[in-house]
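*Asks:* This is the structure, below, for whatever I ask next.
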Amino acid sequence: MTQASLGDSVVQKEVHAQQQNNGVAANITHTQPLWLLAEVTYRCPLHCAFCYNPTDYDKHTQNELSTEQWIQALRDARKMGAIQLGISGGEPLLRDDIEDIVIEAKKLGYYSNLITSGVGLTEKRIQAFKEGGLDHIQLSMHDITEEINNFITNTRTFELKKKVAAMIKNHGYPMVLNVVIHRYNIGHIKEILEMAEALGADYVELANTQYYGWSLVNRSQLMPLKEQIDEAERITNEFRQKVGNKMKIFFVVPDYFGNRPKKCMNGWGEVFMIVTANGDVLPCHSARVLPGIEFPNVREKGLEWAWKDSPAFNKYRGDDWMKEPCRSCPEKENDLGGCRCQAFLLSGDAESADPVCSLSPNHHLIEQAIEESKNPQIQAQPIIFRTDKNSKKYASGESNERVEAFHALP
Amino acid sequence: MENNIQPTDIYALAFHHRFQWEEAQNSYVILFPEGMVKLHGGAGEVIKRLDGKATVADVVADLKATFPDAQEIEKDIIGMFELAVSKAWLRKVN
Ligand code: SF4
Ligand code: SF4
């Protein structure tokens, strides 16, 4: 799945919107795991070049949590205030107990969201989800052309996605489309938005690739030019004017081309809690790349301990851990120093400013990556697709192709 | 966008939105795809009364009766409608 699937950017927008209003609505509390993301499996029939899942995900495909364990996790998180539930993966539909998870989520009062590639969604299953009380389905789309869709996912899924979109609409679900943007589809933004409108989408997330997991390995192959991003944003704004409130479009700006980092996950251990297929509890998708941190697992002490007391969740809460230039930076509340994983992967120092920041002593690493992505020789290297075979190679250490430059396996 | 709230207007929660009491937040919330808004007491009281039949005037009258001591409550209620409509949390039924 894509990182933006989780909607952190969207949450931030809502938070900001509330700060600006006249005090009718309050801010979202920042002490509870309001969002629970259940990455129920890392298995996936697609092989997306930009997948943010860990490159060694194959390690975690044999020891998935059972239905009972998921239900327990849902109950425990709800007690702690979780209210938005994302069911994600991998492809969650590869599990046959999503129906049971949905029913329990409804019983507990979650607003539940299935994040899917559409593969495996049948009439029978969607009916069961509807009856079970699933609130919405977010479908990933890739391009208007069959060629690019099939290329970037390394599968023939183009026709299927259109069929699934219609199915979602027919069952009265809001249509939420997530489109990851990269070099291969950034020139088609207008057509993509037109397709979304024709499909009757209510929400469209144009999520520029963020470089984690497989997308970091394929960074030079995926990164568009700054000019292309500006143009895409311009087209998006134009389209927004045209469609108005009927279709909400979120354009998630890529951090590599900004001067300031994103407030990653809205703050470490502030609102998001992720439970992975094997039960690890993480404050962000790629946290396992960080050195010297033992992440809690639901099989051990449970979710409440994980969120409140585990050393891992407390490690980067607040700003005590910061170094200069962040520590004395007047802007630190805006971004909390950015992403810890990005800082470590690129610079080898998890406590340093996110290199995306122009004030970071490591900012040259980002500039270098942008330059590399323009180098025809590097561009010409083939994409390494997210396949079990490639993952096994990374997990076993048999391959370190295009990951040597990073300080952990992405 | 101008939202002219008329006393005879009828509003309901927008499609795919859910309104519920959240014990952990000690407040009402509106939930929708990828988002949540926590409502202050007053706002929650307004939305709670939208059943697809009540007019804006009905809501104002009911709230005035429930909270007789509140000052200038009407202005606040209309302000709440304006905000909720501009954020697309509500849809106009009539
Ligand atoms: S391979 Fe594609 S569909 Fe599968 S989890 Fe990764 S991004 Fe999602
Ligand atoms: S120096 Fe640190 S805190 Fe300041 S803007 Fe950059 S990343 Fe954020």
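*Asks:* Count, please, the residues in segment A:166-179 that happen to be touching a residue at least 12 places away in the same chain (Cβ under 8 Å) and open to solvent by 10 Å² or more (accessible area, probe 1.4 Å).
*Replies:* Residues meeting the conditions: 5.
*Asks:* Residue under question is A:PRO261, and the condition is that it be within 16 Å of ligand 2 (Cβ to nearest atom) and either more than 14 Å from chain B (Cβ to nearest Cβ) or closer than 22 Å to A:SER215 by Cβ (or both); does it hold? Give the derivation first.
*Replies:* Values: within 16 Å of ligand 2 (Cβ to nearest atom): yes; either more than 14 Å from chain B (Cβ to nearest Cβ) or closer than 22 Å to A:SER215 by Cβ (or both): yes.
Criteria met by A:PRO261.
*Asks:* Restricted to segment B:15-36, and to residues that are facing another protein chain (nearest Cβ under 8 Å) and not in a strand (DSSP E or B), which residue is most open to solvent (accessible area, probe 1.4 Å)?
*Replies:* B:PHE15
*Asks:* Among the residues in segment A:293-300, are any more than 14 Å from ligand 2 (Cβ to nearest atom), farther than 25 Å from A:PRO92 by Cβ and among the aromatic types (Phe, Trp, Tyr)?
*Replies:* No, segment A:293-300 has no match at all.
*Asks:* Being surrounded by fewer than 17 Cβ atoms within 10 Å (Cβ to Cβ), within 14 Å of chain B (Cβ to nearest Cβ) and within 13 Å of ligand 1 (Cβ to nearest atom) is the filter here, so list the residues in segment A:111-165 that pass it.
*Replies:* Residues satisfying the conditions do not exist here.
*Asks:* Here's something else I'd like to know. Of the conditions (1) under 28 Å from A:TYR203 (Cα atoms); (2) surrounded by fewer than 19 Cβ atoms within 10 Å (Cβ to Cβ); (3) within 13 Å of another protein chain (Cβ to nearest Cβ), B:ASP76 fails just one. Which one is it?
*Replies:* The one condition B:ASP76 does not meet is (1).
*Asks:* What are the residues in segment A:51-106 that are part of a helix (DSSP H, G or I), within 14 Å of chain B (Cβ to nearest Cβ) and either farther than 17 Å from A:GLY279 by Cα or within 16 Å of ligand 1 (Cβ to nearest atom) (or both), if any?
*Replies:* Within segment A:51-106, A:LYS79, A:ALA105, A:LYS106 qualify.
*Asks:* Give segment A:356-406 a look and list any residue that's open to solvent by less than 50 Å² (accessible area, probe 1.4 Å), out of contact with any Lys or Arg (no Cβ under 7 Å at 6 or more places or on another chain), over 27 Å from A:LYS226 (Cβ atoms) and assigned to a loop (DSSP other than H, G, I, E, B), or say none.
*Replies:* Residue satisfying the conditions is A:THR387 alone.
*Asks:* Could you check how many residues of segment A:310-350 are touching a residue at least 60 places away in the same chain (Cβ under 8 Å), within 9 Å of ligand 2 (Cβ to nearest atom) and open to solvent by less than 30 Å² (accessible area, probe 1.4 Å)?
*Replies:* Adding up the residues that qualify gives 3.
The values are calculated or read from the model by the stated rules, or taken from the named source; none is laboratory data. Source: prediction; values computed, not measured. Every residue, glycine among them, receives a Cβ derived from its backbone with ideal geometry; neighbour counts consider all protein chains shown. We work out accessible area using only protein heavy atoms, side chains counted, and drop any ligands, DNA or RNA first. Shrake-Rupley method; radii C 1.70, N 1.55, O 1.52, S 1.80 Å.
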